[in-house]
Amino acid sequence: MAESYPPGSSADNPTSWYEYVAVIACHQNSPAQPKLEICQQAIDYCQQNAPDSPGPYAIIHRRLADDTGPLSGWQSVAPTCFTPSVPARSGEPAVELTEAMIVEQFHRTDFALPEAVIQPPGGKTLVNLPVYFELAWPAAGFEPQEVDTTTIVGHQVRIRPTLVGITYLTGDGATIGPTTSMGGPYPDGDINHEYTTRAQVNPSISVEYGGEVSVNGGGWRAIPSSATIEGPPVPLEILTSKNRLYDN
């Protein structure tokens, strides 16, 4: 297709050319929005009939254009299961989606910041009293298993963060983890720490995210990278207590 030019035009003298778009064969899609929907039937068709293709099943459309803009409307010309290989226009190769592009987009993900929930509540505790930590995900950002969808060089790219490990920073120099435990409240929470001296500390949680990617509705595969995100610190005052005897 990249070598195909309208009559009277050529690669050496490109007075006009064809513009191409691969419209995924789902009912909501059109040349104006070729990847608005990634339907299962388009994925299944290529998996069953062209298992070595990247899919999904699409209909190639083209229109005539020159320096002034489009000269005709879109016309369907052929079906394909090699959707990413369709060029944008005559004389241009298809823009490839590379692993580096996916990794870069992964690191641009708006990851959810891990929030530390501490018990006892109220921002105060006593020395030698177990403090229980729990990780809470905020509404903002993408936590593990939530899907962030974007478009890169014409391809629908879905990125799904995964949990690699959690590290609890107690604020007094100690750490707990890495672990996959989310912690929990008293008395069953398995992430706890005792402070031994009076102090003002700021515990927090650090999360290492991995990720998985799906391109154009295809299967999920691991992204060869990770990202470590620090959560906000939580002020905690460590107090001492004294025992006193009173006469009645």
Qualifying positions in region 9-24 - in contact with a Cys (Cβ under 8 Å, 6 or more places away or on another chain) and surrounded by fewer than 20 Cβ atoms within 10 Å (Cβ to Cβ)
none
Please name all residue pairs, on different chains or six or more residues apart, with Cβ atoms under 8 Å, provided the first residue is in region 207-229 and is in a strand (DSSP E or B) and the second residue is open to solvent by 50 Å² or more (accessible area, probe 1.4 Å) and among the aromatic types (Phe, Trp, Tyr).
212/220; 213/220; 214/220
Residue satisfying condition, being part of a strand (DSSP E or B) and without any contact (Cβ under 8 Å) to a residue 12 or more places away in the chain, within set 167, 125, 149
149
Going by what's in this entry, would residue 30 be described as open to solvent by less than 80 Å² (accessible area, probe 1.4 Å) and touching a strand residue (DSSP E or B) at 6+ places or on another chain (Cβ under 7 Å)?
yes
Which listed residue, of 162, 109, 149, is among the β-branched types (Val, Ile, Thr), under 18 Å from the mean Cα position of the chain (by Cα) and open to solvent by 50 Å² or more (accessible area, probe 1.4 Å):
149
Complete set of residues in region 77-100 that are of a type in the set (Ser, Thr, Tyr) and under 19 Å from residue 45 (Cα atoms):
80, 83, 85
Residues that are open to solvent by 60 Å² or more (accessible area, probe 1.4 Å) and outside any strand (DSSP E or B), drawn from region 64-87:
67, 68, 71, 74, 82, 85
Selection count, region 33-63, where residues are over 14 Å from residue 1 (Cβ atoms) and either open to solvent by less than 80 Å² (accessible area, probe 1.4 Å) or part of a loop (DSSP other than H, G, I, E, B) (or both)
18
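The values are calculated or read from the model by the stated rules, or taken from the named source; none is laboratory data. Computed from a prediction, not measured in an experiment: that's the story for all the values here. Backbone-built Cβ (ideal geometry, glycine too); neighbour counts: all protein chains shown. What goes into the accessible areas is simple: the full protein's heavy atoms, side chains included, and nothing from ligands, DNA or RNA. Shrake-Rupley method; radii C 1.70, N 1.55, O 1.52, S 1.80 Å.
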